[in-house]
Amino acid sequence: MPHRSFFEDIDPIRFRGPDSDDPLSFRWYDADRVVAGRRMEDHLRPAACYWHSFVWPGSDMFGEGTLERPWNDPALDPMDAATDKMAAAFEFFEKLGVPFFTFHDRDIAPEGSSFKESCRNLDQMVDAAAEHMERTGVQVLWGTANLFSHRRYAAGAATNPDPEVFAYAAAQVCHALEATHRLGGDNYVLWGGREGYDTLINTDLRRELDQLARFLHLVVEHKHRIGFEGTILIEPKPSEPTKHQYDFDAATVAGFLSRHGLDEVKVNLEANHATLGGHSFHHEVAAAAALGVLGSIDANRGDAQNGWDTDQFPNSVEDLSLVMFEILRAGGLGRGGFNFDTKLRRQSTSRDDLFYGHIGALDVLARALLVGASLLESGDLEDRRQARYAGWGGPLGEDILAAALSLPDLHAMVTDRDLDPKPVSGRQELLENLVNRHIERAR
Ligand code: XLS
Ligand code: CA
Ligand code: CA
């Protein structure tokens, strides 16, 4: 049966080059162009997300939805609405030309009146998704379970004071992980939106962290039980909706994972979560790479004047160039990708605004990729960085790191040799100018 069209006025988006004046074309994102030995699409593995683009009605804390989406018409039966929504989503993915999408269980299928009914709804919509995927070739970058919207999760899912809520969340993740596996997903994400606290005066921190670790072990065990080869990813966020979230940032998560023997788990880093945590996104990516937990990216941006998660489309090549450089330097994202966890502004009410947002974002990522590759290939930063640490390759540096010298040994050595090390310029300004030259020149 042919599917209803929701974007009939839009033709498939094509690459037309930097001189194109067609706002519905790519100027920089050229999927097949080879950069640093790989197709652009294979570097970026871009995904559109289901929730912001097809579920969110344009509401905020002060007002109702502003976006009229026929697939979200409240007059529709919930499963009919889910079917229309899926047709709209796949029409969009296909016309935009993204190879991947991401979803929560509750994005693609409505919650039923019992857990059993919710599972039935999900199974039915997973069958429908499999057909759309077969028809369009669009794949799953990751799936996840929504463990934060329903009122049962107000006090957390895995970290809830009530073990029945833990059980419910575990059952939901069991089903969502299996659904992701059935759809051949490359990763499974856990964002702990309500895994934190609103106040410490009613919270047993130690207990909640242990519960969270137990939950993650259950997920990892089940991943192996069912033969899911994707990566389990934790998505750090410092706060919102909770006052404090346990998965605060990449470093906190890396410490938690190694403390609990969960070393195969990695992180899905979101740009807007990094900035909410007082970090740059560059910092989060560099920290995750250094700690060996870099998994995948939620590409978006916040607003410097707002202290909350605005999830806007990325639009700054400058901001993303060093992020790309860091990712390339780390050898790429592997099974990860760039998921547009992005939503339109509430006043962007036209359906085609979804295209403008994603086209601009993909062009920005593509340009940042060109800059990152140019920085890497030139060695401009890397050679200087290596030179800066050259002493650590000498006998003193090697002996220190090999634990061959104690504090008294170092005391004796400094005294005997009358050491008097002099500062060396870090050349920050020179390096910033070099980065800017790559941004100007990368084509
Ligand atoms: C919310 C998160 C969420 C995750 C998926 O802030 O970004 O959308 O990516 O649950
Ligand atoms: Ca996200
Ligand atoms: Ca977000």
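The values are calculated or read from the model by the stated rules, or taken from the named source; none is laboratory data. In this text, all values refer to a predicted model and were calculated from it rather than measured experimentally. So basically every Cβ, Gly included, is an ideal-geometry build from the backbone, and we count neighbours across all protein chains shown. Areas reflect the complete protein model, heavy atoms only, side chains present, ligands, DNA and RNA absent. Shrake-Rupley method; radii C 1.70, N 1.55, O 1.52, S 1.80 Å.
Considering only the Cα atoms of region 161-232, their convex hull presents on average a projected area of 4.9 nm².
Where the accessible area of region 132-198 is counted over protein heavy atoms with a 1.4 Å probe, how much of it, in %, is carbon and sulfur? Present the calculation step by step, with values, prior to reporting the outcome.
Working: 1290 of 2530 Å².
Of all accessible area on region 132-198, carbon and sulfur atoms account for 51 percent.
Between GLU229 and GLU68, the distance separating the two model label sites (each 7 Å from Cα on the Cα→Cβ line) works out to 4.8 nm.
What is the log10 of I(q)/I(0) for the chain, computed with the Debye formula using one identical point scatterer on each Cα and no solvent, at q = 0.09, 0.12 Å⁻¹? Treating every Cα as an identical point scatterer, log10 I(q)/I(0) equals -0.63, -1.06.
Distance between Cα centroids, region 262-297 to region 218-246: provide it in whole Å. First find each Cα centre; the distance between them is then 14 Å. Given R₀ = 22 Å, what would the calculated FRET efficiency be for LEU218 paired with MET79, taking r from the Cβ atoms and rounding to 0.05? Taking R0 as 22 Å, the efficiency between LEU218 and MET79 is 0.15.
Which residue fluctuates the most in the chain, going by a Gaussian network model with Cα springs under 10 Å, if the choices are ARG417, ARG335, ARG427? The residue that fluctuates most here is ARG417.
By the Cα gyration tensor, region 347-419 has an equivalent ellipsoid whose semi-axes, rounded to whole angstrom, run 53, 16, 9 from largest to smallest.
Evaluated over the Cα positions of region 68-123, the convex hull gives a direction-averaged projected area, one quarter of its surface, of 4.4 nm².
Projected label points at ARG14 and GLU134, each 7 Å from Cα along the beta carbon direction, are separated by 3.1 nanometres.
Candidates VAL140, PRO241, SER280 compared by Cα position along the dipole of the chain: farthest toward the positive end lies SER280, with charges placed on Cβ. One chain, two ends: ASP21 and ASP352. Fully extended at 0.36 nm per residue, the span grows by 117.5 nm beyond their Cα-Cα distance. Distance from the Cα centroid of region 404-435 to that of region 133-179 is 50 Å (rounded to whole angstrom). Calculated on the Cα set of region 244-399, radius of gyration then Dmax: 17.6, 65 Å.
Specify the angular offset, from 0 to 90 degrees and rounded to the nearest 10, of the alpha carbon long axis of helix 115-136 from the longest principal axis of the alpha carbons in the chain. Once rounded, one gets 80 degrees. Overall form of region 38-98: oblate. Here a/c, set by the Cα gyration tensor axes a ≥ b ≥ c, is 1.5 or more, and a/b is not larger than b/c. log10 I(q)/I(0), Debye, Cα-only region 106-239, no solvent, q = 0.12, 0.18 Å⁻¹? With one equal scatterer per Cα and no solvent, log10 I(q)/I(0) is -0.48, -1.03.
Quick one: accessible area per residue over the chain, 1.4 Å probe, rounded to a whole number of Å²? Walk me through the numbers on the way to the answer.
Numbers: 21430 Å² over 443 residues.
So the chain comes to 48 Å² accessible per residue, rounded to a whole number.
Using Cβ point charges alone (K and R +1, D and E -1), the dipole size of region 112-208 about the Cα centre works out to roughly 140 debye.
Quick one: grab the alpha carbon gyration tensor of region 197-276, order the square roots of its eigenvalues as a ≥ b ≥ c, and give me rounded if a/c is under 1.5, else prolate or oblate depending on whether a/b is larger than b/c.
Working: a/c = 2.25, a/b = 1.38, b/c = 1.63.
Since a/c reaches 1.5 but b/c is at least a/b, the shape of region 197-276 is classed as oblate.
Going by a ≥ b ≥ c, the root eigenvalues of the Cα gyration tensor, does region 312-443 fall in the rounded group (a/c under 1.5), the prolate group (a/b larger than b/c) or the oblate group? Taking the square roots of the gyration eigenvalues as a ≥ b ≥ c, region 312-443 is prolate. Placing one identical point scatterer on every Cα of region 124-199 and ignoring solvent, what is log10 I(q)/I(0) from the Debye formula at q = 0.15, 0.20, 0.27 Å⁻¹? Results for region 124-199 at q = 0.15, 0.20, 0.27 Å⁻¹ read -0.57, -0.84, -1.18. Taken as Cα centroids, region 31-57 and region 88-106 sit 10 Å apart, rounded to the nearest whole angstrom. Taken about its Cα centre, region 353-443 carries a charge dipole of about 340 debye when Lys and Arg each add +1 at the Cβ and Asp and Glu each add -1 at the Cβ. When the charge dipole of region 1-134 is built from unit charges on Cβ atoms (+1 for Lys and Arg, -1 for Asp and Glu) and taken about the Cα centre, the candidate among GLY37, MET61, ILE108 whose Cα reaches farthest toward its positive end is GLY37. The apolar share of the surface of region 1-100, taken as the fraction of accessible area on carbon and sulfur atoms (1.4 Å probe, ligands and nucleic acids excluded), comes to 50 percent. Test of understanding: in a Gaussian network model of the chain with alpha carbons linked when under 10 Å, which of ARG38, ARG225, ARG351 would top the mean-square fluctuation ranking? Highest fluctuation among the options: ARG225.
For region 96-123, there are no residues whose amide N sits under 20 Å from a probe point set 7 Å from the Cα of THR252 along the beta carbon direction. Over the chain, dividing the summed -39,500 (n - 2.57) contributions of all DSSP H runs of at least 4 residues by the number of residues returns a 222 nm mean residue ellipticity of -14000 deg cm²/dmol. Solvent-accessible surface (1.4 Å probe) assigned to TRP392 amounts to roughly 120 Å².
Return the carbon/sulfur percentage of the accessible area of region 221-313, one whole number, probe 1.4 Å, all protein chains in place. Intermediate results must be reported in sequence, preceding the final value.
Numbers: 1790 of 3570 Å².
For region 221-313, the apolar C and S fraction of the accessible surface comes to 50 percent.
Neighbours of ALA304, meaning other residues whose beta-carbon lies under 14 angstrom from its beta-carbon, give a summed charge of -3 when Lys and Arg score +1 and Asp and Glu score -1.
So for region 256-339, Kirkwood radius off the Cα pairs, Stokes-Einstein at 20 °C and 1.002 mPa s: how many µm² s⁻¹?
Details: Rh = 13.2 Å.
Estimated via Stokes-Einstein, D reaches 162 µm²/s.
Would you please calculate the Kirkwood hydrodynamic radius of region 22-141 over all C-alpha pairs and express it in Å, rounded to one decimal? Final number for the Kirkwood radius of region 22-141 is 16.0 Å. Heavy-atom accessible area for CYS174, with the other protein chains in place and a 1.4 Å probe, reaches approximately 50 Å².
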